[in-house]
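The values are calculated or read from the model by the stated rules, or taken from the named source; none is laboratory data. Every value quoted in this text rests on a predicted model; they were computed, and no experiment measured them. Every residue, glycine among them, receives a Cβ derived from its backbone with ideal geometry; neighbour counts consider all protein chains shown.
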Amino acid sequence: MFNNSNYIQVTGGFLALGFTLLQVIDWLFKKFEIDSLYFNIILIVLFVSFFGTILYYFLKNKKRKKSNKSISKKSKIKMGINIGLTVLVLLLFLYFFKKINKNDQLINQELPKIVKLFDKGNILQVFKMTNQLYELNPDNELIKNYYDKSRKYAKLDLNKEGVEIQIKYRGDDFFQSIGYSPLDSFAVPNSWNSYQLKLIDEDYSYLFENLFNGETVDDHSYDLPEENSQIIENHIVMPGRSISTFRIYGRNTGEINISTFSISKNEVSNSEYQKFVNDGGYENPTFWDFPLKIGDKLYEFKETVSTFKGKFGKNGPANWSYGKFPNGLDNHPVSGISWFEARAYAKYKNQELPNMHQWSYAAKAYTNILDQDVMKNGNFNSDFTKPVNSNAGSLSEINNIGGNVKEWLINKSGNNKDKFTAAGGSYLEPTYQFIGQNFQNPNDRSLGNGIRLVKNLSNDYNTDLDNYSISQRVYRELDDEPGISNEMFEYYKSQFDYPKKDLNVKTNIINSPNDIYTIESFSMEPAYSSEEKLSGFIIYSSKNLKKPNPVIVFPHAGSLRQNNVEIIPPRLIRTFSYLLDEGYAIIYPIYSGLYNRSRNNECDDDVEYCRKSSLIRKGKDYKTVIDYLETRNDFNFNNLSYYGSSMGANYSNWMLAIDGRVKSAFLLVGGVNTSPQAKEIDQHNYTRRIKTPIFHIVGKLDPVVSYEKAFLPWKKIIGTPKKDLRLIEMEGVGHYVPRDTIYAYHKNWIEKYSSE
C-alpha cells in the first residue's frame, strides 16, 4: 500500500538522491567541459523516473480509496505536504535545467564573441565581458582563460586610509567603487589608456588617467593633502607623486618627486590684479625680491619697478590706462606683465608661481600624449582673450591651461640662466606653443604674459624644483645647413658596416594566442662585441599558403621603458592584424638599448659617445636582421618594407639611408631632429640621402614630434623622389593617427612597390 507516509519517503528520497547526484554531475561536467546535452538527458531521465513512480503509486492508492470516501484531517495535511514536495522536486529540476541551459547560452553565444574580440585585439571589451561573466561563472575554464589574458593588476599606494577608490573603464559613463584604502592591487584591462581612477577623500575627489605605455603604467602612488591643509577656493589639488617622464620641449629630466600642491582653476583676472594695484602693491617692497641678481645683471627695487607702467605713466600692466584695466575685461586674464610683477602678485596672495614640474603635471605633460583637445579648443591664433572661467583649452577642470595667456613659471631658463619660462602659449600664438616654452627676459611685458598660482600643501616640499634651470633647446634651419660630399657621407655610413659572418640563428616556435597566427622567436650574435644576443619575433598567418611579404618594424619610444618582452607578440598581433590576415609577416627585432637589452654604460662619462655608440649598434642590428631575412626562402624578400611610428619614424632617417634593401616605408608622426648633433651622426645628412618610397602621415597638433619644428624641415630635405613620396598632414590630429586611416593606406602602399 502507498499511503501518505510512503509518498513522503519516496519524494524525500528522490530529493536527497537527485540533488546530490545533480550537484556531482554538475561539477564533473564543468571540470571536464562535457557537452551539456548529456546533462539535459540525465535531468529528463530523473524527472520521468520520479513522476512515473509517483503516478504508479498515485493510481494504485486511488483505487484503494474508492472503498473509503471520507478523508481525515490528518490525511489532508499529509496530502498538502505531498503536493508541496512534488512542487519542490519540480522547481529543483527546473533550476538545474535553466542553469545548464544558461551555461549553454554562455558557451554558444558569449564565448564566440569574446574569442572574436580577443583576436581583433579589443582587449578592453574582452576584459569588460569576462569580468562580469567570471563573477557569475568562476568555474568556467574558458571564461577564466580569457579573463586572465585580458587583465593585469594595478598597484595603489596612498598616504591615507579610508579613501574610496572608484574606477571607470574607457567607453563607460559612470565610475564604480572597488573599495577603500588600503587597497594593494586590483584587476584592470591589459591595454593602454583603458581606465580612469577617482579617489574620494571626504568631500574632495581626485581624477587620474591611465595614460602611460610603459612597465610602471599601473603603479599608482599618491600623496593626498595633509589633514590640516587649507585648500584655497577655486584651486584644484594635485596629489604628490613620482613622475619619470616629462614631454615638454626644452627640458630633459629623470624621475621627479612632486609634493602635493594645489593650482588655481583660473588664470588671475584683471579685477583680481586690480586689488593688488589698489593696495599699493607696486610701492611695497615686501612683495618684491629685490635686489635680485639674474645672470650677470643686478636688479634693484626702485629702478626696476619704475619701468612697470601702463599707458599714461601709472603703475600697472602694459595694456592698462591710468592704473586701471580696459572696460569690460574685469573677468579676462591680466596680461602684459613681467615675471617680476607675476612673482610680486604671488607673494601678495601668499601663494607661488608654479615651477615647471608642477605646471607640467597639471598640463599632463608627463604622459606620452598631451591632450590634443587642449590645442584644438584652446584660445590660440586669436585677437582677443577669453574670460578666465571659460573652458577653452581646459584640462582636468583647469581652465585655459593651453592658450589665452602664457603663464610665468618660477624657474630660470636659457643657457645663461638669465631668462624665465612662460608656459602654455597665448592667444597671440599658434597651437603648438602649448607644448613649447618661451624663454623670456624677466622684465618682458608682452601682451601674452599672464599668471596662474599654486599653493604648497605638503610639509616636505622639494624646493630644488623651483631652482631647476631649463636649458634652451636650439633649433637649426636645415635649409641653410651646408651639405656634405658623397665621399664624406660614405665615410659616415661606413660606421654601420661589419664583416659578414655566419649568423648562427636560433629560432623557436612559441605559444600563440590562437592557431590563426604562428609566432617565431629568433636570436643570433650581433655584429658587434656583446654578451647579449640580438633577438626578436616573427609573426605570420598560419593559414597563408603563399610566401609572406615581410615588414620590418622599428618600435616607438615605449620600448625604452619596457622590459617584459613577453607582452610583445600579443601587441603585435593586435596592432598588425590587418596585415597578418592578408598574408604579411611582421619582423620585430629587439634593437640594442630597447626592452630588455641593456643601455650603454658609457653615457655617464661621455654623452656624445653614448649617443653615437647606441645609434651604431641599432643600425648594425637593423642590417643584421635584414641579412637574416634575405636567407629565408619562405619569405618574399623582394617585397620587404619598413614600418615606423614616432621614434620608429625618427630612426628611419638613419635606417633607410644606411641600407637600401627595403622597397617601401610607411611612417607615422615622424620628422627630423634639428637640434645640434655630432657630425658623424647628424641626422639631416642621412635624411637627404634616402631614396626609399615613403608614405608619411602626421598630425598638425602633434605635441611630441612638432609639426613645425620636426616634420616640415623633414619634408623640405627628404631625398625620396617626389613621385615616390606621399604625405598626409591631418588637421585636428596629434600624436595618434586614427587606425582606420592607417588601414586605408598601408597595405596599398606596400603593394604599389611590390614585385608581385
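Worth a mention:
- Among the conditions (1) within 28 Å of Thr260 (Cβ to Cβ); (2) of a type outside the set (A, V, I, L, M); (3) modelled with pLDDT of 90 or more, the only one that Ser335 does not satisfy is (1).
- Elements of type strands (runs of 3 or more DSSP E) in the range 664-756, at least 3 residues being more than 15 Å from Ser652 (Cβ to Cβ): 725-730
Yes or no, residue by residue, for (1) touching a Phe, Trp or Tyr at 6+ places or on another chain (Cβ under 9 Å); (2) surrounded by fewer than 23 Cβ atoms within 10 Å (Cβ to Cβ); (3) in contact (Cβ under 8 Å) with a residue 40 or more places away in the chain:
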residue	(1), (2), (3)
Leu656	yes, no, no
Ile690	no, yes, no
Pro693	yes, yes, yes
His696	yes, no, yes
Val705	yes, no, yes
Phe711	no, no, yes
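- Failed condition for Ile337, given (1) β-branched (Val, Ile, Thr); (2) in contact with a helix residue (DSSP H, G or I) (Cβ under 7 Å, 6 or more places away or on another chain); (3) closer than 17 Å to Val388 by Cβ: (2)
- The range 267-294, subset in contact with a strand residue (DSSP E or B) (Cβ under 8 Å, 6 or more places away or on another chain) and more than 20 Å from Trp320 (Cα to Cα), residue surrounded by the fewest Cβ atoms within 10 Å (Cβ to Cβ): Lys293
- Top-ranked residue of the range 341-380 - restricted to ones that are modelled with pLDDT of 85 or more and in a loop (DSSP other than H, G, I, E, B), ranked as surrounded by the fewest Cβ atoms within 10 Å (Cβ to Cβ): Asn350
- The lone criterion from (1) more than 29 Å from Ser755 (Cβ to Cβ); (2) crowded, with 20+ Cβ neighbours inside 10 Å; (3) of a type in the set (S, T, N, Q) left unmet by Asn549 is number (1).
- For the range 289-337, a residue qualifies if it is farther than 18 Å from Ser269 by Cα, part of a loop (DSSP other than H, G, I, E, B) and not hydrophobic (A, V, I, L, M, F, W, C), and the qualifying residues are Asp289, Pro291, Gly295, Asp296, Glu300, Ser306, Thr307, Gly313, Lys314.
- Set Tyr475, Tyr491, Tyr498: member being in the same structural domain as Ala678 (by TED's automatic domain parsing), outside any helix (DSSP H, G or I) and either touching a Cys at 6+ places or on another chain (Cβ under 7 Å) or aromatic (Phe, Trp, Tyr) (or both): Tyr498
- Qualifying positions in the range 577-600 - within 21 Å of Leu534 (Cβ to Cβ), out of contact with any Lys or Arg (no Cβ under 7 Å at 6 or more places or on another chain) and either touching a residue at least 24 places away in the same chain (Cβ under 8 Å) or in a helix (DSSP H, G or I) (or both): Ala585, Ile586, Ile587, Tyr588, Pro589, Leu594, Tyr595, Asn596, Arg597, Ser598
- Subset of the range 439-483 that is modelled with pLDDT under 90, farther than 24 Å from Gly295 by Cβ and aliphatic (A, V, I, L, M) - its residue that is nearest to the chain's Cα centre (by Cα): Leu457
- The range 627-647, subset modelled with pLDDT of 95 or more and under 31 Å from the mean Cα position of the chain (by Cα), residue nearest to Gln677 (Cα to Cα): Gly644
- Scan of the range 686-721 for residues that are of a type in the set (Gly, Ala, Ser) and under 13 Å from Gly734 (Cβ atoms), ordered by number: Gly699, Ser706
- Lone qualifier among Glu487, Glu481 - being among the charged types (D, E, K, R), in contact with a His (Cβ under 9 Å, 6 or more places away or on another chain) and at negative phi: Glu481
- Lys752, sole failed condition from (1) under 30 Å from Gly378 (Cβ atoms); (2) loosely packed, with under 14 Cβ neighbours inside 10 Å: (1)
- Applying the criterion of being among the aromatic types (Phe, Trp, Tyr), closer than 21 Å to Ile263 by Cβ and in contact with a Phe, Trp or Tyr (Cβ under 7 Å, 6 or more places away or on another chain) to the residues of the range 394-435, the residue that is surrounded by the fewest Cβ atoms within 10 Å (Cβ to Cβ) is Tyr427.
- Neighbours by Cβ (under 8 Å, 6+ apart or cross-chain): first from the range 252-279, over 15 Å from Ala363 (Cβ atoms); second assigned to a helix (DSSP H, G or I) and at pLDDT 95 or above: Val268/Tyr345; Tyr273/Tyr345; Phe276/Ala344; Phe276/Tyr345; Phe276/Tyr348; Asp279/Tyr348
- Tallying residues that are in a helix (DSSP H, G or I) and aromatic (Phe, Trp, Tyr) within the range 145-168 yields 2.
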